[in-house]
């Protein structure tokens, strides 16, 4: 019988074990023993193919691997399908940073050349990421691996677009959008961040009225003054009434508009509107059929309507505009510390400039209604449960989605003359059924709908809700029965780790013991050592063990095994309830404090006492406990448990611990 090495050498063991798993073919559910009939499916959230994995990904891989290995050992036909995401805008942002470092700009490159460069960049990253996923120990089915730019995925995306078009759910329209001046693209509401800013707040004289604004640079085209129809202060002003007044660049004619969108409590209860550069103003203009004029161009500079300020950047022009208004006696007062929320690009922090632009939009209400029904009915279970409320709130207040992006990297929108691409979430929202070969693929028929979608809590709107909507629209079924949301891994400044932010920690460096939380890593390294030493002790005492010999267990032995069975039941219950933290704690404490501290210590006397029958009994009990504990530990600690299992002297042994019952 082989003896375990004095120490567990992860570097030596882990590559060898992963090769054993891949060779066994058991990552592929089609190769599992015939007893594995009932499908269990997790579709891996496709990792962005634009850099290394980070600690957040390591968490995703760990949780999903625990689920998959557990179900595989419970006799399910377990499929964990891996994939990578082209990640549209996010990848282009990462690549633009690379170009900046090289002193290049995407705006000086032809689109085909840029696309080719980003393609090569993602191909390189894909290789790297796949080797990292293997290093973590992920037992996913590489034979089914997908990429969001694979031909069949793109075909599915186009079919959905066609269907949406036919059902009048897609339209091209000139509407107000979020525009990132730095990246020169529109963004959906979800791709903007709310940032608190402290600015000056200006009270300006507009004819007989006082208006208040933090953005005087937008006011050049303001020729409508709006108030609430029920505001008693302005009851003598009639809707449509004209007034002549002196403004920034000379005299203008303004029109009075009455509209209920005005907040009577804010400022003076009167405001002028800039429909081209503000969502609320745009909606007022639409309701009253008013003219809309662009004041700021797509690069954040003032247009000729601004007269002498033409070509100036907003922040440079602002104090000069105020100076001019002061010289005309049109500034009533200036508040110094006005705190307000502004929208910024979620990737670069640049202030969003609302603009009117012709874009592709998706009508969301008809897609959201079936999703709301399915969630309320409990077709999708959220873990933790509070995410259900969050998802429903967003779906019930949903607005049309701008699905076109003015970037090179992505899936081109068919028939679009401006060569725009789909928002990346439009394709990844279709990921679960697209990767299974919807509508006629064998995998779609076997593994749809999937069992679990496991992802970060921050993707509830971006991705999870959209997958539910698209799946119900196309397949009439929810895409998964359970949504397991984990927390977000933060850096030391408590910011989310993100490749485009450049604040990521490579999990392979963590494996090399870089301190994420040094004490935790040390504690689990000590636990691995404990498992190894305990297994080594048991196996060193099995040299004369005869598995065929009949043993007569004592009452105490039977109680030990019975108590252990109770533990297994409890652990199984926690696993089935997705409470992996409780299950792992129970296994940890049983192994360390019961098996090692008590049982092994008690058995030492029997093993060394010279009574052959007693020794055989002790060997039998220790071997049962050890082999069962390795099974319980395997989903959490796959490498070390497989290495020990391979050397265990037990009778009916499977090719891998991975498929033990």
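Please treat every number below as a calculation from the coordinates, not as lab data. Source: prediction; values computed, not measured. Positions of Cβ are generated from backbone atoms using ideal geometry, with glycine treated the same way; all protein chains shown enter the neighbour counts.
For every helix of n ≥ 4 consecutive DSSP H residues, a contribution of -39,500 (n - 2.57) applies; sum these over the chain, divide by its total residues, and give [θ] at 222 nm rounded to the nearest 500 deg cm²/dmol. All intermediate terms of the calculation are to be shown ahead of the outcome.
Values: 20 runs with 261 residues, N = 661.
Value at 222 nm, helices only, nearest 500: -12500 deg cm²/dmol.
Below 8 Å, C-alpha to C-alpha, sequence gap of six or more: please give me the relative contact order for the range 518-659 in percent.
Numbers: 83 pairs, mean separation 41.1, N = 142.
Across the range 518-659, relative contact order equals 29 percent.
Can you tell me the mean projection area, over all orientations, of the convex hull of the range 297-446's alpha carbons? Units nm², please.
On the way: hull surface 61.2 nm².
Reported value for the Cα convex hull: 15.3 nm².
I need to check one value: relative contact order of the range 185-356, counting alpha carbon pairs closer than 8 Å and at least 6 residues apart, in percent. Walk me through the numbers before you get to the answer.
On the way: 305 pairs, mean separation 56.0, N = 172.
Computed over the range 185-356, the figure is 33 percent.
With an 8 Å cut-off on Cα pairs and a minimum separation of 6 or more residues, tell me the relative contact order of the chain in percent.
18
Would you order 288, 620 from fewest to most other beta-carbon atoms within 10 Å of each residue's own beta-carbon?
Working: 288 17, 620 20.
Ascending number of Cβ neighbours within 10 Å: 288, 620.
Could you please rank 446, 156, placing first whichever residue has the fewest other Cβ atoms within 10 Å of its Cβ? Can you show the working numbers first?
Working: 446 15, 156 21.
Neighbour counts put them in this order, fewest first: 446, 156.
When you take every Cα atom in the range 185-356, what is the radius of gyration, and what is Dmax, the widest Cα pair distance, in Å?
15.9, 48
Using every alpha carbon pair in the range 1-109, what percent of pairs falls into each 10 Å bin from 0 up to the bin containing the largest distance?
11, 27, 27, 19, 11, 4, 0
Give me the Kirkwood hydrodynamic radius of the chain in Å, from all C-alpha pairs, to one decimal place?
Values: mean 1/r = 0.0344 Å⁻¹.
Mean inverse Cα-Cα distance, inverted, gives 29.1 Å.
Please find the FRET efficiency linking residue 97 to residue 393, where r is the Cβ-Cβ separation and R0 is fixed at 30 Å, and quote it to the nearest 0.05.
On the way: r = 35 Å, r/R0 = 1.15.
That pair, residue 97 with residue 393, gives E of 0.30.
What area, in nm² and to one decimal, does the C-alpha convex hull of the range 518-659 cast on average over all directions?
For the range 518-659, averaging the hull's shadow over all directions gives 8.9 nm².
In what order do 576, 423 fall by count of nearby beta-carbon atoms within 10 Å, going from fewest to most?
Details: 576 12, 423 30.
So the ranking, lowest neighbour count to highest, is 576, 423.
Find how much the distance from residue 326 to residue 440 grows on full extension, using 0.36 nm per residue of separation minus their present alpha carbon separation; answer in nm with one decimal.
Numbers: separation 114, 0.36 × 114 = 41.04 nm, distance 7.03 nm.
Gain on stretching residue 326 to residue 440: 34.0 nm.
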